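Written out below as structure tokens is the structure these notes cover.
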Amino acid sequence: MESLVKVENLSKVFKDQGKGEVQALVNLNFELRAGEIFGLLGPNGAGKTTALRIISTLMQPTSGDVFIAQLNLRDNARRAKEYLGFLTAEMNLYDYFTVRELLFFFGQVNGLTHTYITDRISWLVELLDLEKYIDRRVDNFSTGMKQKVSIARALLPDPPIIIFDEPINGLDLMASRVVTNLIRELKNEGKSIIISTHNMNLAENLCDRIGILFEGELRGVGTIEELARNTGQNTLEDIFFKMVGEFSELE
């Protein structure tokens, strides 16, 4: 099966005044296959956001390579970025814009035509149930509503590869359901998707394959069935704690 994203020996070291060098990622190797949802599962601080920011061309690795549609980011970051939509956990929305104004602004930044942006906004606001909010400023929106607007912004150019960093973080049950249903619909439309999450239910319910990331290292990659066979465990929770070496002393 074709690999749309390929990560090879990816490492990232940050320099911290107090701690010295901090190894955020250590020799990551995984791929996103065409038409699948691949999940990076790990706790906060595991390196998930760092990995996704590198894949999304927003950060340079210390070593290793990332290929997007066979384009090496070291030499082709600008071209590779055209394949990507990135929903970051840090929502950067201009609060003084309405939803329509914000989407038009980012559409123009991406070089999209007025007609295309207009048609795309119509589709997105219907998809995300934003019709009655389209001409309201986003500054008074709830966290869930802002997440919907952020998703619309990421999907505006209709990219074949979509990256979601903690897509339901901070959302209530209703908003989480909207986002998870949207991710399933995007997959059904042929999109290839990477998500990062610390939510095991989300990973189990959405992902075709999972990479377990802990302390900057991938401890295992595969389907839940493959990971279960490799660890001798039955549930994703037990698989995770077996792979990171954190089984409870009570067991």
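For ASP95, the criteria (1) more than 16 Å from GLU166 (Cβ to Cβ); (2) surrounded by 14 or more Cβ atoms within 10 Å (Cβ to Cβ) hold in every case but one, which is (2).
Quick grid of which residues meet (1) touching a residue at least 12 places away in the same chain (Cβ under 8 Å); (2) among the small types (Gly, Ala, Ser):
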| position | (1), (2) |
| --- | --- |
| VAL66 | yes, no |
| PHE86 | yes, no |
| GLU101 | no, no |
| PHE104 | yes, no |
| GLY111 | no, yes |
| THR118 | no, no |
| GLU126 | no, no |
| ASP129 | yes, no |
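Among the residues of the range 4-23, those identified as modelled with pLDDT of 95 or more and in contact with a helix residue (DSSP H, G or I) (Cβ under 9 Å, 6 or more places away or on another chain) are VAL5, VAL7, LEU10, LYS12. Considered as a group, the residues in the range 98-117 that are of a type in the set (A, V, I, L, M) and either at pLDDT 90 or above or buried (at least 17 other Cβ atoms within 10 Å of the Cβ) (or both) include one that is nearest to GLU131 (Cα to Cα), and that residue is VAL99. In the range 162-181, the condition of being at positive phi and not aromatic (Phe, Trp, Tyr) is met by at least one residue.
Of the residues making up the range 167-218, those that are among the basic types (Lys, Arg) and either buried (at least 16 other Cβ atoms within 10 Å of the Cβ) or in contact (Cβ under 8 Å) with a residue 40 or more places away in the chain (or both) number 3.
Sort out for me the strands (runs of 3 or more DSSP E) sitting completely within the range 1-85 that have 1 or more residues that are of a type in the set (D, E, K, R).
Here the list reads 3-16, 20-33, 63-68.
The values are calculated or read from the model by the stated rules, or taken from the named source; none is laboratory data. Computed from a predicted model, the values in this text were never measured in an experiment. A quick note on method: Cβ atoms are made from the backbone with ideal geometry, for glycine too, and the neighbour counts reach across all protein chains shown.
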